[in-house]
Amino acid sequence: MQDRLFPEAEAPPVAPPPAPAPPAVAAPRSRLRQVRPAPWPTELADLAARLPERLHLGTSSWSFPGWDGLVWEGEYTESMLARRGLATYAQHPLMRAVSLDRAFYQPLTVAQYAGYAEQVPPDFRFVVKAPSVVADALVRREDGQGMRANTGFLDPGLAWSAFVEPALQGLGARAGALVFQLSPLAPAMLGRMPHCIERLQAMLAALPSLAQLRAQAPDLVIAVEVRNAEWLTPAFAEALRASGATYCLGGHAKLPPIAEQLPVLRALWPGPMVCRWNLNRLHGAYGYEDAKALYLPFDKLVDPDLETRTALARVARATTAAGHHAYLTIGNKAEGSAPLTVEAMARLLAD
């Protein structure tokens, strides 16, 4: 107050403080952000070098954030991994294949297939599921309930135009196994299995010969996977043999154990092996959701299935030793973490 009452001189006006700078706006993340590979142990590269050349191990899809530390390093969304994770996945020493499961829900275009092929090295192979428009006898609701008969089921023209042709054009030499995974049949159709087998054989016979198809994809296999044990008959095996197709072993509780499916494969011997190991038998035929809830985030083995591992290793070893290709893709719901099951299978199959 004294300074105010007895000023020595008139003080100059005080300049107002400068306006605060606007808050810094975070730069948007680059759309070219890449998925970093995990720091894999040198041991995995050594293990990969000891595997048979014609063995193609891999997983069912790849867009799983829980694989942080196993396949990639860092936290990524499922969407990010779906768009940018494949190239990193294909760098993993043991991943020589992947199953394109999304192809089942909607036919993929040549450009979509080509986009996948561009992300992987020349020795990588794709296992591709046929779209449901040709592989499912029913048109289904989102919850899986059948609504009506699917007129495109096993249609030869649709099998070519919606599946085989675009897959071959897009993937080229990276096409490995094209799999017609036939969804569960309704009881009425199960009572007419000879007719179903005839339709399957007619569809397969209408495709170009395997020799013609292999002009574009030298390692190509056409395979049929089923979801009803009623298919597994000598007549079914003969229908496959007649067209040069093979049977895709189904690691799924809707089918008998792998060892009990082998008579079909033996009837087609010598030839390639294709297997999609999807679900641990512990969970039953409809246990996908239970397995998912138990195994998330898919970063560790929960229910090792040594019986299935041993059976598959025996078949894969014999197949590659005979000079044929073996395609084995594994889902997270097989044991809890597909990359770790792939590693376990590799240890069984290494020289």
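Quick notes
- For segment 299-317, the condition of being of a type in the set (Val, Ile, Thr) and under 15 Å from the mean Cα position of the chain (by Cα) holds for none of the residues.
- Identity of the residue in segment 315-325, assigned to a helix (DSSP H, G or I) and not hydrophobic (A, V, I, L, M, F, W, C), that ends up nearest to residue 262 (Cα to Cα): 319
Each row is one residue, and each column tells you yes or no for (1) in contact (Cβ under 8 Å) with a residue 12 or more places away in the chain; (2) farther than 27 Å from residue 60 by Cβ; (3) surrounded by fewer than 22 Cβ atoms within 10 Å (Cβ to Cβ).
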| site | (1), (2), (3) |
| --- | --- |
| 170 | yes, no, no |
| 178 | yes, no, no |
| 184 | yes, no, yes |
| 201 | yes, yes, yes |
| 213 | yes, no, yes |
| 220 | yes, no, no |
| 227 | yes, no, yes |
| 231 | yes, no, no |
| 238 | yes, yes, yes |
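- Against the numbered list (1) buried (at least 17 other Cβ atoms within 10 Å of the Cβ); (2) outside any helix (DSSP H, G or I); (3) at pLDDT below 95, residue 26 comes up short only at (1).
- Any hit, segment 291-307, residues being buried (at least 20 other Cβ atoms within 10 Å of the Cβ), closer than 28 Å to residue 202 by Cβ and among the aliphatic types (A, V, I, L, M): no
- Residue within segment 126-137 that is surrounded by fewer than 16 Cβ atoms within 10 Å (Cβ to Cβ) and either within 13 Å of the chain's Cα centre (by Cα) or not β-branched (Val, Ile, Thr) (or both) present: no
- Pair list, Cβ < 6 Å and 6+ apart or interchain, from segment 106-117 residues that are touching a residue at least 40 places away in the same chain (Cβ under 8 Å) to residues that are surrounded by fewer than 16 Cβ atoms within 10 Å (Cβ to Cβ): 110/169
- Out of 289, 343, one residue alone is part of a helix (DSSP H, G or I) and at pLDDT 95 or above. It is 343.
- Counted as qualifying within segment 55-173 are the strands (runs of 3 or more DSSP E) with 1 or more residues that are touching a Leu at 6+ places or on another chain (Cβ under 8 Å), namely 55-60, 97-100, 125-129, 146-149.
- Unique residue being buried (at least 22 other Cβ atoms within 10 Å of the Cβ), without any contact (Cβ under 8 Å) to a residue 60 or more places away in the chain and either part of a helix (DSSP H, G or I) or of a type outside the set (D, E, K, R) (or both) when the list is 249, 312, 328, 265: 265
- Of the residues making up segment 296-309, those that are part of a loop (DSSP other than H, G, I, E, B) and either among the small types (Gly, Ala, Ser) or on the phi < 0 side of the Ramachandran plot (or both) are 296, 297, 299, 300, 301, 302, 303, 304, 305.
- The residues of segment 159-201 that are basic (Lys, Arg) and under 20 Å from residue 226 (Cα atoms), listed by number, are 192, 199.
The values are calculated or read from the model by the stated rules, or taken from the named source; none is laboratory data. Bear in mind the structure is a predicted one, so any value in this text is a computation, not a measurement. Virtual Cβ from ideal backbone geometry, glycine too; neighbours counted across all protein chains shown.
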